[in-house]
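For reference, the structure is listed below as structure tokens.
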Amino acid sequence: MRSPRRTLVALAASTLIAPLLLLAGGTAADAKRVDAPDAHLTASAVAVAWQRVAIRTIYAEAGFAPPRGALYLSFTSRAVYDAAQEAHRHGRVAATAAVAQAAHDVLREYFPGSVTALAADLTLTTASLPEGRKADLGESIGAEAAKDMIESRLGDGRDDMSIVYSKPAAPGVWQPPSTGMALPWLGFVDPVIDVTPVALDGTDALTSAAYTADWLEVRRLGSLGSTDRSTDETEIARFFANNPIPMYRDALCRYLDAEPLGLMPLTRMFARIDTAVATTVIETWRLKYELGFWRPFQAIQQADTDSNAATTADPLWAPLIGNPAYADYTSGHASATAPFAEVLRQTLGDDVPLVLRAAGRADRPYATLTALEHDALNARIWGGLHFRDAMDDGYYLGHTTADQVMRALR
């Protein structure tokens with residue numbers, strides 16, 4: 001049984017609903033307009049609000065790296081979708097309670113440091129709901145969906161410290177810093193959905209024309225002191241050096257504030273996005289671990305070892321953006337961007353206007369997902385982080401995985 005409803009319901013508009021509107025992206029003026037004791041958000045708005053809570057919990061409070069956090073977003077969004085499927089037939093009260101409880105319980109399980117904040121978020125979400133069977137039923141459905149998700153991931157290989165990247169130094173082989181490869185276990189985690197792994201053609205041979213073209217491109221455009229990279233390209237590279245997952249999620253939530261979806265299409269869309277991203281991340285990290293292809297800074301500094309007459313070593317070459325502690329192929333940034341864009345494209349169309357925000361940088365508006373992907377892809381080359389092959393194959397992997405997830409998760 002759920003705990004007795006707080007006696008603050010009569011004050012919900014001024015003390016609970018208004019803050020939740022702000023959490024969901026509304027303005028102070030929007031909050032002030034809610035002045036009736038029975039005012040409430042739709043179940044869809046609550047689902048969007050809990051997307052923001054999940055991002056805050058996973059990335060701001062727990063400080064997880066983008067790829068690791070993608071797993072927990074998928075757990076949360078899938079539990080919410082399962083709860084919504086079961087609860088929506090019972091009406092708004094049940095559906096609202098169910099999606100909030102499911103998200104809360106999954107996040108509480110994995111992020112004990114956020115228990116107090118999550119409890120406050122749950123109170124904020126549900127305090128205006130009327131007491132009774134519908135609310136009780138919704139909470140029960142949400143709790144059960146979270147429980148099922150948590151149990152399904154027991155022993156799934158997360159944080160397996162026995163997996164360590166180690167490859168002998170050789171031309172073309174990425175060598176980690178002294179701290180080792182970040183998240184080497186990630187490529188061995190149990191799948192989050194049963195889809196066929198995407199077949200890629202792998203890295204280009206060091207003496208091939210394709211590799212040479214990529215090497216020359218990133219050397220010219222990706223260096224810290226490049227004079228060929230434009231001012232705008234430099235800004236784009238620095239902008240997309242921010243964690244892409246919360247950046248994209250923030251932009252999408254703000255879009256949905258203005259263009260809301262119904263509960264079922266909304267929760268299904270987020271479940272598909274996060275499942276596709278997590279699935280792409282897992283395959284990407286397996287490739288990084290198994291192929292271990294060197295990053296541009298290593299390839300350029302050590303070009304005298306690659307047996308390629310068209311490349312010349314530059315021991316002082318440095319990238320514009322500092323490199324993370326994992327190999328080049330395929331791109332982790334692509335694994336966050338491509339599946340997100342493809343699920344959204346297949347759901348709402350390519351012309352979804354998103355305004356990306358990053359702390360300390362000017363907002364970047366995108367009228368289409370294609371335009372966003374263009375900049376996100378090239379940013380990693382202009383930043384000196386990746387060869388184009390790693391980006392192109394990463395986008396193919398992400399798009400193809402998203403297409404499979406769209407068909408599998410209905």
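Nothing in this text is a laboratory measurement; each read-out follows from the coordinates by a stated rule. These numbers come from a predicted model, not from an experiment. Note that each Cβ is placed from the backbone with ideal geometry, even for glycine, and that neighbours are counted across all protein chains shown.
A few notes on this one:
- Top positive-direction residue, dipole computed over the stretch 184-408 with Cβ charges, set N323, A309, F297: N323
- The chain - percent relative contact order, Cα under 8 Å, separation 6 or more: 19
- Set of aspartates and glutamates near K288 by C-alpha distance (under 16 Å), chain-local residues within fewer than 8 positions excluded: D201, D204, D328, D389, D392, D393
- Total charge dipole magnitude, the stretch 131-179, about the Cα centre, Cβ charges on Lys, Arg, Asp, Glu only, Debye to nearest 20: 300
- Projected area averaged over orientations for the stretch 170-314, convex hull of C-alpha atoms, nm²: 12.1
- Inter-part distance, the stretch 144-194 to the stretch 219-261, computed on C-alpha centroids, equals 27 Å.
- For the chain, a simple Cβ point-charge model (Lys and Arg +1, Asp and Glu -1, everything else neutral) yields a dipole of about 1140 debye relative to the Cα centre.
- Karplus-derived HN-Hα couplings along the stretch 165-181 (A = 6.51, B = -1.76, C = 1.60, θ = phi - 60°), whole Hz, x at Gly and Pro: 6, 7, 10, x, 4, 6, x, x, 9, 5, 10, x, x, 4, 7, x, 5
- Across the stretch 184-408 the C-alpha pair distances fall into 10 Å bins from zero in the proportions 8, 33, 34, 20, 5, 1 percent.
- The stretch 354-410 has equivalent-ellipsoid semi-axes of 24, 18, 9 Å, by the square roots of 5 times the alpha carbon gyration tensor eigenvalues, sorted largest first.
- Close amide H contacts of V173 (hydrogens built in the peptide plane, cut-off under 5 Å, sequence separation of 5 or more or a different chain): W294.
- Between L356 and R364, Y366, the built amide H atoms are under 5 Å apart, and every one of these is 5 or more places off in sequence or on another chain.
- Around the Cα centre of the stretch 184-408, unit charges on the Cβ atoms of Lys, Arg, Asp and Glu (plus for the first two, minus for the last two) sum to a dipole of about 540 debye.
- Peptides 278-287, 192-201 ranked from most to least packed, by the mean per-residue count of other Cβ atoms within 10 Å: 278-287, 192-201.
- Under 13 Å from K134, Cα to Cα: aspartates and glutamates that are on another chain or at least 8 residues apart: E86
- In this rough spin-label picture, where each label sits 7 Å from Cα along the Cβ direction, the A205-M264 distance is 5.4 nm.
- Relative contact order computed over the stretch 184-408 (Cα-Cα under 8 Å; 6+ residues apart), in percent: 34
- Potential lengthening of the chain between I163 and R410 amounts to 85.5 nm, from the contour at 0.36 nm per residue minus the alpha-carbon distance.
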